[in-house]
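Single-structure report; data block below.
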Amino acid sequence: MRRLSIVGLVLVALGVLLGMPGASAQTSGATSGPTGSVSEVLIVKVTGLLDPNLAEFIESQIAAAEEAGAIVVLQVKSGKSVLSDAQFGKLTSAVRDAKVPVYAWVGPSGAKVRGRVAQLVSLTDLVGISAGSRLGDLGELAVDGGDFGGSIPKLIDETVGADEAVTLGIAKDAPVIGNFIIDLPGVETRTVDTDEGPRREPVTPILFSELTIGRKMMHTVSSPPVAYLFFVVGLGLLIFELFTAGVGIAGVLGALCLILGSYGMAVLPTRPWAVALLVLSAVGYAVDVQTGIPRFWTGVGLAASILGTLYLYDGIAVPWLTLLVGVGGLAAGMITGMPAIVRTRFSTPTIGRDWMIGELGVAESAIDPEGLVRVRDALWRARTNRATPIAAGGQIRVVEIVGLLLEIEPDEGAARDYREHRSASPAR
């Protein structure tokens, strides 16, 4: 599928300098390097899966920092990369070969940075980590020259907490990102007196950078649960539109959901045969929707939906609640909701259908006590009058209409209601 190209302005919120200068304030020119003080600090948030949208955003922010003479701080809370080898190589080159310093802070508290994301962090000039966060589980190494050094063997298949990371020398203790920034080379700070005592604050401007609205939407769509649900909902809405007259909002929304879901699955490590099973499940449901009764193809659709859902992603776990909503919602809609919609489409309104009483028809399936009948070339759900069983192919007669359900009896040999006989007999 052609990748959607979203171009927008980068949302940059200017950070407010902490505190105002006072009589007791001192400004220290704590700078290092040949260029002295930096013009600004650009904080780039890296959250969720590391996908192509996020990778391109990081690369663009590094390029912008190079033009502005700023330093880059990656605020990392990402546990997995879904980049291809080529995409990941391009991103690591941008970080490693940047003309300005690139730092990484693992946080806020509770962040878990693993796999290739942790390898990317190892390429930065300095790493900070918040209390309660974990770093490691590098997996198969795709980069060389990281700063984790001799600690790499330990980090291949396990993570370490903040205290151990500091002990190993791979990260600096930084409970909050502000503590990390004020000690970076080139960042100017001042000391102010507060009720809690002297405190250092940055003078260098701090800018926070996030994905644009368009990129943020595509980044969200690339989330495994969201991509799956969009895809399943899209299939369901398109089937709904197929069995209703005209091209309505359901068809438009279904197509949009299917496109977004397909984009997300194209970005994620998806098994093609599992996607094919999801499509097969929709086809199976659609076949029996036309007949109005769950039969063989409904079972095929349900089985394909379950298998396709369970094996959809390679190496990514989807919450059970998401799986239940996807499988259960599609099954409920196709088995209970769609048959009623089909009968409504191919019939006249309930009001004014008294003409059907007395009409003859044919049982499309065995009716004991409910089943499907054909009256004037239209399929209807029917129930036998007084539970008289009717074999498939038998002639029937409509005796009553209850909503969308027909009360029927055999054209010949119907059970006789002796209450009606008594009420019709003359009084003696």
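The values are calculated or read from the model by the stated rules, or taken from the named source; none is laboratory data. Since we're looking at a predicted model, the values are computed, not measured. We place every Cβ from the backbone using ideal geometry, glycine too, and count neighbours over all the protein chains shown.
Numerical summary
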read-out	value
Residues being touching a residue at least 24 places away in the same chain (Cβ under 8 Å) and assigned to a helix (DSSP H, G or I) - total across the stretch 180-199	2
Flag if Glu40 is more than 19 Å from Gly161 (Cα to Cα), in contact with a Ser or Thr (Cβ under 7 Å, 6 or more places away or on another chain) and among the charged types (D, E, K, R)	yes
Among the residues listed as Val143, Val121, Val226, the single one being buried (at least 17 other Cβ atoms within 10 Å of the Cβ), among the β-branched types (Val, Ile, Thr) and part of a helix (DSSP H, G or I)	Val121
Candidate set from the stretch 67-93 (those that are among the hydroxyl-bearing types (Ser, Thr, Tyr) and part of a helix (DSSP H, G or I)); member that is nearest to the chain's Cα centre (by Cα)	Thr92
Filter result for the condition that a residue is surrounded by fewer than 16 Cβ atoms within 10 Å (Cβ to Cβ) and within 21 Å of Val226 (Cα to Cα), over Ser93, Ser78, Ser84	Ser84
Meets criteria (of a type in the set (S, T, N, Q) and either more than 20 Å from Leu155 (Cα to Cα) or out of contact with any Lys or Arg (no Cβ under 9 Å at 6 or more places or on another chain) (or both)) for Ser78	no
Residue satisfying condition, being more than 23 Å from Ala65 (Cβ to Cβ) and either at pLDDT 90 or above or under 34 Å from the mean Cα position of the chain (by Cα) (or both), within set Leu184, Leu141, Leu126	Leu141
Helices (runs of 4 or more DSSP H) contained entirely in the stretch 249-338, each with at least 2 residues that are in the same structural domain as Lys80 (by TED's automatic domain parsing)	none
Residue within the stretch 148-155 that is without any contact (Cβ under 8 Å) to a residue 24 or more places away in the chain, of a type in the set (D, E, K, R) and either in the same structural domain as Val82 (by TED's automatic domain parsing) or exposed (fewer than 15 other Cβ atoms within 10 Å of the Cβ) (or both) present	yes
Residue list for the stretch 146-165, restricted to those being of a type in the set (D, E, K, R) and part of a helix (DSSP H, G or I)	Lys154, Asp163, Glu164
